[in-house]
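> Here it is, the structure, as structure tokens.
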Amino acid sequence: MNRFLAIAALILCAASSATAQKKTKWSAEQKEVLSVVFDMFEGMRKADTTGYHKMFTPNAQLHTVMDREAGKESLRSDDMTKFFEAMAKPREIIYDEPLWDIKVEIDGRLAQVWTKYAFFAGDKFSHCGIDAFLLFKDKDGYWKIFELVDTRHFGEENCQLPKKFLRALSDL
């Protein structure tokens, strides 16, 4: 009987652990942080970056680690103004960067978002990687991105895309 109860307890623990991993419970503050990230991507999809000045600190930085050829990774730093201009240019195709496997860490007025992403130009897959956002909570209580770093892996063979992507807080 004790053996049966021990096995049942193990099965119950395993099942509840698996369920917990499928559905993350986000705190209100984590949702505030994520809303900045999702709003940034929504602006990119719509080619409307008018709200970006509220999402980024004035001295925000953008860096990319690329892996174009095996063994030849490079670190590139870009001007945020050029990034904003590129995202705001009217275009026929939609730039879409859905996310998955999102992790949010917060310590006081510092937050970090680490997430996998895939980049699509219209329906065409371009690349995938990791987006790492560092955010600061300003004196008025708004979370702002002060650093954005991404990795880029080209070719679908280098990316394991999920069946479901996240594009908004409502998708969480």
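> Looking at the range 147-172, I want the residues that are more than 26 Å from A60 (Cβ to Cβ) and aliphatic (A, V, I, L, M) and have a partner that is assigned to a helix (DSSP H, G or I) and open to solvent by 60 Å² or more (accessible area, probe 1.4 Å) with Cβ atoms under 8 Å, at least 6 apart or on another chain. Which pairs are those?
none
> I'm told T49 meets every condition in (1) modelled with pLDDT of 95 or more; (2) in contact with a Gly (Cβ under 7 Å, 6 or more places away or on another chain) except one. Can you identify the failing condition by its number?
(1)
> May I pose another question? Would the range 156-170 turn up any residue that is of a type in the set (G, A, S) and open to solvent by 50 Å² or more (accessible area, probe 1.4 Å)? I'd like the intermediate steps shown before the answer.
First, pick out the residues of the range 156-170 that are of a type in the set (G, A, S): 168, 170.
If we keep only those that are open to solvent by 50 Å² or more (accessible area, probe 1.4 Å) as well, we get 170.
Yes, because at least one residue in the range 156-170 is of a type in the set (G, A, S) and open to solvent by 50 Å² or more (accessible area, probe 1.4 Å).
> Can you name the number of the only condition in (1) outside any helix (DSSP H, G or I); (2) more than 26 Å from L161 (Cβ to Cβ); (3) modelled with pLDDT under 90 that N59 fails?
Condition (3) is where N59 drops out.
> Let me ask something additional. Could you check the range 107-120 and list, in sequence order, the residues that are open to solvent by 20 Å² or more (accessible area, probe 1.4 Å) and either in contact with a Leu (Cβ under 9 Å, 6 or more places away or on another chain) or charged (D, E, K, R) (or both)?
Applying the first criterion (open to solvent by 20 Å² or more (accessible area, probe 1.4 Å)) to the range 107-120 yields 107-110, 112, 114, 116, 119-120.
Within the range 107-120, D107, R109, L110, Q112, K116 meet the criteria.
> Follow-up question, since we're still on this one. Look at G43 and say whether it is surrounded by 11 or more Cβ atoms within 10 Å (Cβ to Cβ), touching a helix residue (DSSP H, G or I) at 6+ places or on another chain (Cβ under 8 Å) and either over 21 Å from A118 (Cα atoms) or at pLDDT 95 or above (or both). Let's see the steps before the verdict.
Numbers: surrounded by 11 or more Cβ atoms within 10 Å (Cβ to Cβ): yes; touching a helix residue (DSSP H, G or I) at 6+ places or on another chain (Cβ under 8 Å): yes; either over 21 Å from A118 (Cα atoms) or at pLDDT 95 or above (or both): no.
When the stated conditions are applied, G43 does not pass them.
> Now for a different question. Got a number for residues in the range 81-96 being within 16 Å of G51 (Cβ to Cβ) and among the basic types (K, R)?
Summing the residues that are within 16 Å of G51 (Cβ to Cβ) and among the basic types (K, R) in the range 81-96 gives 0.
Yes or no, residue by residue, for (1) touching a residue at least 24 places away in the same chain (Cβ under 8 Å); (2) under 18 Å from C159 (Cα atoms); (3) over 18 Å from the mean Cα position of the chain (by Cα):
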site: R45; (1), (2), (3): yes, no, no
site: H63; (1), (2), (3): yes, no, no
site: F83; (1), (2), (3): no, no, no
site: E105; (1), (2), (3): no, no, no
site: L110; (1), (2), (3): yes, no, no
site: V113; (1), (2), (3): yes, no, no
site: F125; (1), (2), (3): yes, yes, no
site: K139; (1), (2), (3): no, no, yes
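> Which ones in the range 75-101 are in contact with a helix residue (DSSP H, G or I) (Cβ under 7 Å, 6 or more places away or on another chain) and surrounded by 15 or more Cβ atoms within 10 Å (Cβ to Cβ)? Break it down into steps so the answer makes sense when it comes.
Taking the range 75-101 and keeping what is in contact with a helix residue (DSSP H, G or I) (Cβ under 7 Å, 6 or more places away or on another chain), we get 84, 87, 94-97.
Residues satisfying the conditions are F84, M87, Y95, D96, E97.
> Further question: Please go through the range 126-148 and pick out each residue that is among the β-branched types (V, I, T) and buried (at least 17 other Cβ atoms within 10 Å of the Cβ). Full working, then the answer.
Initial filter on the range 126-148 (among the β-branched types (V, I, T)): 130, 145.
If the condition is that a residue be among the β-branched types (V, I, T) and buried (at least 17 other Cβ atoms within 10 Å of the Cβ), then I145 is the only one that fits.
> For D123, indicate whether it is touching a helix residue (DSSP H, G or I) at 6+ places or on another chain (Cβ under 9 Å) and open to solvent by 20 Å² or more (accessible area, probe 1.4 Å).
Numbers: touching a helix residue (DSSP H, G or I) at 6+ places or on another chain (Cβ under 9 Å): no; open to solvent by 20 Å² or more (accessible area, probe 1.4 Å): yes.
Judged against the criteria, D123 is not a match.
The values are calculated or read from the model by the stated rules, or taken from the named source; none is laboratory data. None of these values were measured; they are calculated from a predicted model. So basically every Cβ, Gly included, is an ideal-geometry build from the backbone, and we count neighbours across all protein chains shown. Note: accessible area is taken over every heavy atom of the protein model, side chains too, but ligands, DNA and RNA are not part of it. Shrake-Rupley method; radii C 1.70, N 1.55, O 1.52, S 1.80 Å.
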